[in-house]
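Input: a single structure, listed below in structure tokens.
The values are calculated or read from the model by the stated rules, or taken from the named source; none is laboratory data. In this text, all values refer to a predicted model and were calculated from it rather than measured experimentally. We place every Cβ from the backbone using ideal geometry, glycine too, and count neighbours over all the protein chains shown. Calculation scope for accessible area: heavy atoms of the full protein, side chains included, ligands and nucleic acids excluded. Shrake-Rupley method; radii C 1.70, N 1.55, O 1.52, S 1.80 Å.
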Amino acid sequence: MKHFTQTALSSIDSYKLGHADQFPEGTTKVYSNFTPRSLKHLPVPHWCGTTQVVWFGLQVFLNDLQSVWQETFFDRPKAEVVAEFVELVGPFCGPRGFNQSRIEWLHDLGYLPIEIKSLPEGTLVPAGVPVLTITNTLPEAYWLPNFLETWLSADLWKSATAATISYVYRKIIDRYAELTGGNKDFVMWQAHDFSSRGMSSIADAARTGAGHLLSFAGTDNVTAVQLVNDVYYGKQTFVGGSVPATEHATMTSSILVEVERLRQNGVGEDGIMAKAELNVIKRLVTEVYPSGVVSVVSDSFDFWKVITEIAPALKGEILNRVPDQLGLAKVVFRPDSG
């Protein structure tokens, strides 16, 4: 089965193809920047007092830039790469196409002659201030900085946006923790990342989830933690984590199996569903997870019955659970279906 593979030369908007010939004759240097324009689409409460962007994601982009160019361009035969590119871009730029001699020259050179300068990742940057600049280091490559713009922009805007949104959420939650006398240490876990399934890809989930981890530790996004570990030396510290949690599939199947077991043991139909759910939850909080935090989805059938009848009936068992190494022994009854 064939699959799509990102290639170095095709990671562009087609209008970039003609720009090398459009620059003034004699151009030898192009110096471009990447600048967050505004926060007008992020409804920041006025008391947050921030018009700043959290700059994040560059190292991931640089890793991808290097590996994709190496694997799909420099490591492949020049004639093969050029022929594929000319065939691909023909419908976009007409018979003149893209001057393939530039591509051949770059392949012979064997590396990308560019220089990128950046503010440190994690920096708070006022909107309108450039976060990075990119320029060519050889005069023949004056066309290359802006040729890379599409890919650079596509990879960087969302990571920085996710990091900025999480930063604003952190400020909001910190504020209300102070106003209500809450424990601010717990704020690290109060804006949990469940976003992976809503992203356009797992790579997308990793990038945005890593931005979230700049402000919070709570996440179900395992691939984001892996990205931080691999690219940002996350193994040197604690990056993020979560707790065991049930889902509807595990709860409904367990409850229905328990209903059948009760029937076979002569239990009548009156209230049998609630008895089965009580038994299932009891097993989870005393046998499967006898210590630490466990989150039990509780609206598969009747959420209100769970929290008004089943939870009180299990109070003793819940209070007798053993704290883990962090001193936690919490049972969460979680509505999951809105």
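Once the Cα atoms are used to define both axes, helix 149-180 deviates from the longest principal axis of the chain by about 40 degrees.
The charge dipole of region 1-82, taken about the Cα centre with unit charges on the Cβ atoms of Lys, Arg (+1) and Asp, Glu (-1), comes to about 240 debye, rounded to the nearest 20. The residues of the chain expose on average 56 square angstrom of accessible surface per residue, using a 1.4 Å probe on protein heavy atoms.
When the residues Arg76, Arg321 are ordered by accessible surface, computed with a 1.4 Å probe over the protein chains alone, the sequence from largest down reads Arg76, Arg321. Projected over every direction and averaged, the convex hull enclosing the alpha-carbon atoms of the chain yields 24.5 nm². Dividing the helix sum by the residues of the chain, where each DSSP H run of 4 or more adds -39500 (n - 2.57), gives a mean residue ellipticity at 222 nm of -12000 deg cm²/dmol. Computed about its Cα centre, the charge dipole of the chain is approximately 760 debye, with only Lys, Arg, Asp and Glu carrying charge at their Cβ. Which one of Phe92, Phe147, Phe34 has the biggest mean-square fluctuation once the chain is modelled by GNM with Cα springs under 10 Å? The residue that fluctuates most here is Phe92.
Taking a straight Cα-Cα cut-off under 14 Å and skipping sequence neighbours fewer than 8 places away in the same chain, the aspartates and glutamates within cross-link reach of Lys16 are Glu149.
Here region 149-286 is described by how far its Cα atoms reach on the three principal axes: 69, 41, 26 Å, from widest to narrowest.
Accessible area per residue (1.4 Å probe, heavy atoms of protein chains only) ranks Trp189, Trp151, Trp47 as Trp189, Trp47, Trp151, with the largest value leading. With N as its number of residues, region 154-226 has a Cα radius of gyration that, divided by 2.2 N^0.38 Å, comes to 1.13.
To put it simply, the accessible area of the chain at a 1.4 Å probe is 55 percent carbon and sulfur.
Cα centroids of region 9-30 and region 119-156: 15 Å apart. So which aspartates and glutamates can Lys158 reach, going by Cα to Cα under 13 Å and dropping same-chain residues fewer than 8 places off? Partners found: Asp204.
List the aspartates and glutamates whose Cα sits under 15 Å from the Cα of Lys184, skipping any in the same chain fewer than 8 residues away. Once the sequence-local aspartates and glutamates are set aside, what remains near Lys184 is Asp174. Please determine, in degrees from 0 to 90 and to the nearest 10, the orientation of helix 202-212 with respect to the longest principal axis defined by the Cα atoms of the chain, where the helix direction is its Cα long axis. Once rounded, one gets 80 degrees.
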